[in-house]
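Structure, as structure tokens:
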Amino acid sequence: MTNNTNDVPLYVDLHKKHIRALEKNKESFSYWAIEHLRVSGVYWGIGAMDLMNALGEMDREEIISYILSCKHPNGGFGGNVGHDAHLLYTLSAVQVMAILNALDRLDIDSIVKFVSSLQNEDGSFQGDEWGEIDTRFSYCAVCCLAILGRKDAIDTQKAAEYVLKCRNFDGGFGCTPGAESHAGQIFTCVAALSILGQLDKIDADLLGFWLCERQLDCGGLNGRPEKLEDVCYSWWVLSALAILKRLHWINLDKLKSFILQCQDDDNGGIADRPGDVADVFHTFFGLCGLSFCGYPGLKAIDPTYALCADTIQRLGL
Amino acid sequence: MHGVKRRTKTKDELEAENQKIERESIAKFVLLSERVEKDKTMLESELSVKELLEKLKNCNDLLELNYELYYVWNQKRMIINQIQKKISSESEDHDLELILNGELNVIQTSIRNNPKSYWTWFHRKWILNQLKNPDWKKEIGLCVKLLSMDERNFHCWGYRRWVSKQMGENLQLEKDFTTQKIDEKFSNYSAWHYRSSVLPQLYGEDLSYLEDELGWVKNAFWTKPQDQSAWFYYRWIIESVMKREDSKQILETEMNELNELIEAEPECKWPLITKLFLISKGAPSDEDSKSILDKLIRLDPMRIGHYNDMLKE
């Protein structure tokens, strides 16, 4: 990886400060704007700190307590204390506990029961008892169970079959059968198929081609043809390409320059594009993108589980 | 008064004002949140339909501040389930269809304000599943309107697909809709995508439609060769053509036409990438793949990784 001397540096200290401040600043509207998905916010924050080798700067016990307080009697986790259980937040909760090496604090059986109860006959997963079906939820279920070592609890063959039903003319995947290819959905489907051992069913050249065409002249990536670049696609597109062993089909130098330009050099954090307001979601995924680009000082990130490589090693995944 | 200059607010004053507005917004949010939370505990007791409707309104007020509060959408459904129970047990006389249609109006406003909320779209489907006589034509009309405002809203396209299935799936109508959208804008990838799933369902084993499709997609990329959408679709049409007996002749014709476009637009990468694709399908070529790849590396250096891999093959 070459270093463009015009690149701004990665403002590691500012980003760490930005993340540490998130928990405390109840006065800011942005705190309340994401209160419904706070558990995921914690995952993005902890994940970012881990990437920056700064996990020790967070209050491990406080975070574990908070995550456990979001547990629902039915075994799943809500987005915040007292919120209804949902697969999205159940995965985030399990990911946080995995990062903090605290999986033993979880009632794994009850989580497994919750997750497996959401699989339908056709192999699809609904997000919760209300029935919304989406391949995002397939990924949440499969990833969660894999981290807990309990893939046996679901019908993995049917789970893969359903994901494959969502494959499109361009080699990509959508949220349900017939839905348009979108980089976010492509990540969830490719990662799910990887966990389920069915990557061979993907036309990697065709999909890789579609994915590498997400890179725009500015170096940033979009999520679908003709859409704007957004830092979070540094994750969705790159992780899918990494799983398909075609990461080099993206110009990583140009992407790195783009991500670095999306930093807020006053308050820290990374935004969706240069000049916009930063948030923890884009900070985490921007750092993930930089990790894929080989940015020095960042840990390696696993493209399937969105956890640092050392966590994956510890879990034996 | 005379001679008093207007004083523009200082940065600090503006900052203080913004903070005040923020504090007031947060206070309002917290208040409505607490009310909805309290309502949830009351749902365990026997409430009248009138009381339940009030609780529903409380949910709507909170959602107006943030449509992503998924647990509030859940609470709305719990309330509606209770309303249905109360009405069907005939302990109260209320028009359920009226209440549910009222919900549709509320959701319509939500969608207009936040057309990309998964939770909102799902709730609309859920309400329609509760109605005895859903007006599917109206729902298609809603899709037409929204897609005229944002032709790439995949939530809306997905919703249209779902509504179409509920209506017994008029595939010709769906095809015509994609034709209209693509005619409006060649770069409407969402429309091309939908078309790719509608046509095989509409025509089944009969591949004679592919000739018209070829003509039509070529019109798109001849007009705007830099738009990638038509090129992706074209690859899929060619893959489908390979199942036909006359695929060899078609490939030859396609290659000849593509070469004409390359002559007209030598700096555009898409015809060149597509030429490589046609060669891979067995089309005869005046030029070898290596020479084409060298051109592509010069025209599109961003993707040198991909082209180098193709060179290795």
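Throughout, read-outs are computed from the coordinates displayed, never taken from laboratory work. Computed from a predicted structure; not experimentally measured. Positions of Cβ are backbone-derived with ideal geometry, glycine not excepted, and every protein chain shown enters the neighbour counts.
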Scan A:Gly223, A:Gly208, A:Gly184 and give me the residue that is under 23 Å from A:Ala160 (Cβ atoms), touching a residue at least 24 places away in the same chain (Cβ under 8 Å) and under 17 Å from the mean Cα position of the chain (by Cα).
A:Gly184
Search the stretch A:57-85 for residues that are away from chain B (no Cβ under 12 Å) and among the polar types (S, T, N, Q) and pair each with any residue that is surrounded by 15 or more Cβ atoms within 10 Å (Cβ to Cβ) and in a loop (DSSP other than H, G, I, E, B) when their beta-carbon atoms are under 8 Å apart and the residues are at least 6 apart or on different chains.
A:Asn74/A:Ala85
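Picking from B:Ile250, B:Ile273, B:Ile279, B:Ile238, which residue would you name as being among the β-branched types (Val, Ile, Thr), facing chain A (nearest Cβ under 10 Å) and either part of a helix (DSSP H, G or I) or touching a residue at least 12 places away in the same chain (Cβ under 8 Å) (or both)?
Details: B:Ile250 fails: facing chain A (nearest Cβ under 10 Å); B:Ile279 fails: facing chain A (nearest Cβ under 10 Å); B:Ile238 fails: facing chain A (nearest Cβ under 10 Å).
Testing whether each residue is among the β-branched types (Val, Ile, Thr), facing chain A (nearest Cβ under 10 Å) and either part of a helix (DSSP H, G or I) or touching a residue at least 12 places away in the same chain (Cβ under 8 Å) (or both) leaves just B:Ile273.
Table: residues versus (1) touching a Leu at 6+ places or on another chain (Cβ under 6 Å); (2) not acidic (Asp, Glu).
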residue: A:Ala204; (1), (2): yes, yes
residue: A:Cys212; (1), (2): no, yes
residue: A:Gln215; (1), (2): yes, yes
residue: A:Val231; (1), (2): no, yes
residue: A:Leu238; (1), (2): no, yes
residue: A:Ile250; (1), (2): no, yes
residue: A:Asp265; (1), (2): no, no
residue: A:Leu287; (1), (2): yes, yes
residue: A:Cys293; (1), (2): yes, yes
Of all residues making up the stretch B:155-170, the number that are surrounded by fewer than 19 Cβ atoms within 10 Å (Cβ to Cβ) and either over 27 Å from A:Ala183 (Cα atoms) or within 16 Å of the chain's Cα centre (by Cα) (or both)
6
Condition test on B:Lys137, is it exposed (fewer than 12 other Cβ atoms within 10 Å of the Cβ), over 17 Å from the mean Cα position of the chain (by Cα), under 29 Å from B:Asp212 (Cβ atoms) and not hydrophobic (A, V, I, L, M, F, W, C)?
yes
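In this structure, does A:Ile133 turn out to be crowded, with 21+ Cβ neighbours inside 10 Å, among the hydrophobic types (A, V, I, L, M, F, W, C) and more than 14 Å from A:Ala191 (Cβ to Cβ)?
On the way: crowded, with 21+ Cβ neighbours inside 10 Å: no; among the hydrophobic types (A, V, I, L, M, F, W, C): yes; more than 14 Å from A:Ala191 (Cβ to Cβ): yes.
Judged against the criteria, A:Ile133 is not a match.
Within the group B:Ile111, B:Ile140, B:Ile99, which residue is of a type outside the set (Gly, Ala, Ser) and either within 12 Å of another protein chain (Cβ to nearest Cβ) or over 25 Å from B:Lys57 (Cβ atoms) (or both)? Explain how you work it out, then say what you get.
Working: B:Ile111 fails: either within 12 Å of another protein chain (Cβ to nearest Cβ) or over 25 Å from B:Lys57 (Cβ atoms) (or both); B:Ile99 fails: either within 12 Å of another protein chain (Cβ to nearest Cβ) or over 25 Å from B:Lys57 (Cβ atoms) (or both).
Every option except B:Ile140 fails the conditions.
Within the stretch B:197-224, which residues are within 14 Å of chain A (Cβ to nearest Cβ) and either outside any helix (DSSP H, G or I) or in contact with a Ser or Thr (Cβ under 9 Å, 6 or more places away or on another chain) (or both)? Break it down stepwise before answering.
First, pick out the residues of the stretch B:197-224 that are within 14 Å of chain A (Cβ to nearest Cβ): B:197-202, B:210, B:213, B:217, B:220-221, B:224.
Selection gives B:Val198, B:Leu199, B:Pro200, B:Leu210, B:Glu213, B:Ala220, B:Phe221, B:Lys224.
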From the list A:Asn53, A:Asn6, A:Asn80, which residue is closer than 21 Å to A:Val115 by Cβ and in a loop (DSSP other than H, G, I, E, B)?
A:Asn80
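In the set A:Val231, A:Val237, which member is away from every other protein chain (no Cβ under 11 Å), buried (at least 17 other Cβ atoms within 10 Å of the Cβ) and assigned to a loop (DSSP other than H, G, I, E, B)?
Details: A:Val237 fails: assigned to a loop (DSSP other than H, G, I, E, B).
None of the other options fit; the residue is A:Val231.
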